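The values are calculated or read from the model by the stated rules, or taken from the named source; none is laboratory data. Everything numeric in this text was worked out from a predicted model, so none of it was measured. Ideal geometry is used to build each Cβ from the backbone, glycine not excepted, and the neighbour counts take in all protein chains shown. Just the protein is used for accessible areas: all its heavy atoms, side chains included, with ligands, DNA and RNA removed. Shrake-Rupley method; radii C 1.70, N 1.55, O 1.52, S 1.80 Å.
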Amino acid sequence: SRHSDKKTFANTATNCKNPGQSVSLHRKDEAGEEIELGDWTENDEKILAREIGRLTLSLDAAQKLSDLNCTLLVAMHYPPIYSDGTDSQFTNLIEQYEPKIVVYGHLHGAFRPEGFEGQHGPTHYRLVSADYLCFQPVRIV
């Protein structure tokens, strides 16, 4: 079943090879049927819960090391925040621990405009996909 109350992503993106032209974003569900990107499935809900659990374990472990006077940095593969800066379950969790910065990737090519960069609450978010950075190193902290 689909969850209509979930925030959905745009189902088109800019085509970098042909500016001004959109590309359709679709994927296959568990049964192999094509669905639009942004349609939420029960399997997506399971994956989200698993990833929130993993992040919680990591942040709890980092918090135990807080007496070492280290800067807390969160590194994630997928964007934890919506492109317009809207909260997600990830940002709600992350900001409880007040890391200085969150870096993430996954967005390449046509998806790069979908990334959020900037301050959100106590945390700075930074897209660090290699092609987005033109394969140049970037100082994080």
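Sorting the segments 66-72, 98-104 by their residues' average number of neighbouring beta-carbon atoms within 10 angstrom, most packed first, yields 98-104, 66-72.
Positive-end ranking of 125, 97, 63 along the dipole of region 63-138, with charges on Cβ about the Cα centre, is headed by 63. Placing a label point 7 Å from the Cα of residue 126 along the Cα-to-Cβ line, the residues of region 67-95 whose backbone N sits under 18 Å from it are 70-81, 95. Across the accessible surface of region 64-141, with the other protein chains kept in place and a 1.4 Å probe, carbon and sulfur atoms take up 53 percent. Beta bridges from DSSP with both residues in region 50-140: antiparallel share about 25 percent, rounded to the nearest 5. When nucleic acids and ligands are ignored and a 1.4 Å probe is applied, residue 106 ends up with an accessible area of around 70 Å². Only the Cβ atoms of Lys and Arg (+1) and of Asp and Glu (-1) were treated as charged; on that basis the dipole of region 36-95 about its Cα centre amounts to roughly 400 debye.
3J(HN,Hα) along region 55-62: 5, 4, 4, 5, 5, 4, 5, 5 Hz, from the Karplus curve 6.51 cos²θ - 1.76 cosθ + 1.60 with θ = phi - 60°, whole Hz, x for Gly and Pro.
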